[in-house]
1. Hey, any hits in region 15-23 for a residue that's touching a Ser or Thr at 6+ places or on another chain (Cβ under 9 Å) and touching a residue at least 12 places away in the same chain (Cβ under 8 Å)?
2. Looking at region 29-44, is at least one residue on the phi > 0 side of the Ramachandran plot and without any contact (Cβ under 8 Å) to a residue 60 or more places away in the chain?
3. Could you pull out every one of the helices (runs of 4 or more DSSP H) wholly within region 6-113 that has 1 or more residues that are surrounded by 10 or more Cβ atoms within 10 Å (Cβ to Cβ) and among the hydroxyl-bearing types (Ser, Thr, Tyr)?
Amino acid sequence: AAGSPSPGDNTTARAIAALRSARVLDGGTATFAEAFGSLVHQVGQDAATASDRRDGAAEVAREIRNLREAVSGVSLDEEAALMLRFQRAYEANARYFQSVEAALDILMQMVGR
């Protein structure tokens, strides 16, 4: 076949081997190994940044959850104390109105005579 290399011709192998040190990437400034190393380094940095951001977001979410629970959390002791306080106030108001009603009954009896 025309254009076929002859047996034992290593021209193609030499051309491929020459690419190992040839600066053909990044506008002719980097070899394949340098470009690959740079890519691996950038991926590592991006992964570390993403991990730091994830950890930071998780911490913010945890802090928000803690703040929300601190504000909206229900303390059974506090609720029981408030309920007792309201019950005492209701009882005091009931006694007051009973006294007022009794006083009005006495006044009505006095006026009705």
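1. If we filter region 15-23 for residues that are touching a Ser or Thr at 6+ places or on another chain (Cβ under 9 Å), which is where we start, we get 19-23.
Those left that are additionally touching a residue at least 12 places away in the same chain (Cβ under 8 Å): 19-20.
Taking every residue of region 15-23 in turn, at least one turns out to be touching a Ser or Thr at 6+ places or on another chain (Cβ under 9 Å) and touching a residue at least 12 places away in the same chain (Cβ under 8 Å).
2. First, the residues of region 29-44 that are on the phi > 0 side of the Ramachandran plot: none.
Within region 29-44, not a single residue is on the phi > 0 side of the Ramachandran plot and without any contact (Cβ under 8 Å) to a residue 60 or more places away in the chain.
3. Values: elements: 11-19, 32-72, 76-112.
It comes to 32-72, 76-112.
A short reminder: the numbers here are calculations on the coordinates, not readings from a lab. Since the model is a prediction, treat every value here as computed from it, not as a measurement. We place every Cβ from the backbone using ideal geometry, glycine too, and count neighbours over all the protein chains shown.
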